[in-house]
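The values are calculated or read from the model by the stated rules, or taken from the named source; none is laboratory data. Predicted, not measured: the structure shown is a model, and the values here were computed from it. All Cβ positions, glycine included, derive from the backbone under ideal geometry; neighbour counts span all protein chains shown.
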Amino acid sequence: MAIREIVTIPEDVLRRKAHKVTNFDKDLVTLIDDMLETMRQAPGVGLAAPQVAISQRVIVVEYAEEKEDRPKSFAVINPEIIKTSAETELGVEGCLSIPNMVGEVERFTSVVIKGFNKMGKPVKIKTTGWLARIFQHEVDHLDGILFTDRATRIWQPPQEEMAELPE
Ligand code: ZN
């Protein structure tokens, strides 16, 4: 496993629509392992392949609902949001590719994501709250969409506040 460099705006790859993964091979497994390690080291709660300059539809997410819980990890290939709740909620997001910025973004409260695991097996994940928010943020990255495109308000938080925020 290796830590990869996280690219930041205005890097072009962050604005491109990422390619669908067609080969579930060893390179894909390496990419996922590297993305998980890179996300943990950052630290962040999610990472999309374009953030490590790979224009492929791959995301990783790791998040614990409660601080004392063991975090749940996900790696989803070719993820698609197939169902969204009627309810939405506002929340504050940051992004490893947009340093020192946070914004208030409206997201669906719950979403269902389908895609494939690294073995190429179909997976379906039901998410709600913060986890749903993280997935929506990461899937957006695959279409070249950044949280700043959706934010109703963007600001620079004081440094000590940054440590508390996801991604
Ligand atoms: Zn991001």
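Some notes on this structure:
- Candidate set: the range 20-45, residues that are loosely packed, with under 15 Cβ neighbours inside 10 Å and not in a loop (DSSP other than H, G, I, E, B); chosen: the one farthest from the chain's Cα centre (by Cα): K26
- Residue check for E93: at pLDDT 95 or above, acidic (D, E) and in contact with a Gly (Cβ under 7 Å, 6 or more places away or on another chain): yes
- Residue ID - surrounded by the fewest Cβ atoms within 10 Å (Cβ to Cβ), chosen from residues in the range 113-139 that are under 15 Å from the mean Cα position of the chain (by Cα) and of a type in the set (V, I, T): T128
- Pair list, Cβ < 6 Å and 6+ apart or interchain, from the range 25-45 residues that are without any contact (Cβ under 8 Å) to a residue 60 or more places away in the chain to residues that are of a type in the set (G, A, S) and surrounded by fewer than 16 Cβ atoms within 10 Å (Cβ to Cβ): D34/A2
- Among the residues of the range 59-76, those identified as under 17 Å from T30 (Cα atoms) and either charged (D, E, K, R) or within 9 Å of the chain's Cα centre (by Cα) (or both) are I59, V60, V61.
- Any hit, the range 52-64, residues being surrounded by fewer than 18 Cβ atoms within 10 Å (Cβ to Cβ), in contact with a strand residue (DSSP E or B) (Cβ under 8 Å, 6 or more places away or on another chain), modelled with pLDDT under 95 and more than 17 Å from L146 (Cα to Cα): yes
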